[in-house]
Amino acid sequence: PENIINHADGEKKRITGYVDSLPKSYEDGTSFIMNIERIEENSNPQKIKGLIQVSVEGTDIKPEPGNRISFISSIRQIKNFRNPGCFDYTRHMLFEGVKTRCNVKAEAISFIEPEKESLMIMANRFKL
């Protein structure tokens, strides 16, 4: 499968994958890491590999690790805050294995049925 970083062009795409981290809740939304399984652009689905940081605007949904979700958003590279000498956010996220991000409104997220093979992958990932 192709890497998600090759699709960080700002164009809208359907993104499908699994919630891969415990969501962080904020006053006006939620953020979490998603493990991408595929994207679809211009009715052309492609298998994709990679992690993406998803920022959800609104508090209508409560995703949990292992939820399979799909939504339309544009994929962008993670950038620093342009504050010299301060926290290097891009480097921090690289250590987490995350190079891309996207924003989506809560009402635009669809929860979909997981695939059996993917359930086994998620179960192995969250074993203690």
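For Ile69, all conditions in the list (1) at pLDDT below 90; (2) part of a strand (DSSP E or B) hold save one; what is the number of the exception?
Against the list (1) at pLDDT below 90; (2) part of a strand (DSSP E or B), Ile69 comes up short only on (1).
So Glu57 fits all but one of (1) open to solvent by 50 Å² or more (accessible area, probe 1.4 Å); (2) farther than 26 Å from Arg91 by Cα; what number is the exception?
Checking Glu57 against (1) open to solvent by 50 Å² or more (accessible area, probe 1.4 Å); (2) farther than 26 Å from Arg91 by Cα, the one that fails is (2).
Between residues in the range 57-82 that are free of Cβ contacts under 8 Å to residues at least 24 places away in the same chain and residues that are among the aromatic types (Phe, Trp, Tyr), which pairs lie under 9 Å by C-beta distance while being six or more apart or on different chains?
Short answer, once both residue conditions are applied: Lys79/Tyr89; Asn80/Phe87; Asn80/Tyr89; Phe81/Phe87; Phe81/Tyr89.
What pairs come out if I take residues in the range 25-41 that are farther than 14 Å from Asp60 by Cβ and pair them with residues that are of a type in the set (A, V, I, L, M) and open to solvent by 50 Å² or more (accessible area, probe 1.4 Å) whose C-beta lies under 8 Å away, six or more apart or interchain?
Phe32/Leu22
Give the residues of the range 36-60 that are of a type in the set (Val, Ile, Thr) and part of a strand (DSSP E or B), sorted by residue number.
Ile36, Ile39, Ile48, Ile52, Val54, Val56
Could you grab the pairs with beta carbons closer than 8 Å, sequence gap of 6+ or different chains, first residue in the range 89-106 and within 20 Å of Val56 (Cα to Cα) and of a type in the set (A, V, I, L, M, F, W, C), second one open to solvent by less than 40 Å² (accessible area, probe 1.4 Å) and not in a strand (DSSP E or B)?
Met93/Ile78; Val98/Ile78; Cys102/Ile75; Ala106/Gly58; Ala106/Ile61
Give me a count of the residues in the range 60-117 that are aromatic (Phe, Trp, Tyr), open to solvent by 20 Å² or more (accessible area, probe 1.4 Å) and under 21 Å from Asn3 (Cβ atoms).
Summing the residues that are aromatic (Phe, Trp, Tyr), open to solvent by 20 Å² or more (accessible area, probe 1.4 Å) and under 21 Å from Asn3 (Cβ atoms) in the range 60-117 gives 2.
With respect to Phe32, determine if the residue is within 19 Å of Ile109 (Cα to Cα) and in contact with a Leu (Cβ under 8 Å, 6 or more places away or on another chain).
Yes.
The values are calculated or read from the model by the stated rules, or taken from the named source; none is laboratory data. Quantities reported herein were computed from a predicted structural model and do not represent experimental measurements. So basically every Cβ, Gly included, is an ideal-geometry build from the backbone, and we count neighbours across all protein chains shown. Surface accessibility is based on the protein's heavy atoms, side chains included, excluding ligands, DNA and RNA. Shrake-Rupley method; radii C 1.70, N 1.55, O 1.52, S 1.80 Å.
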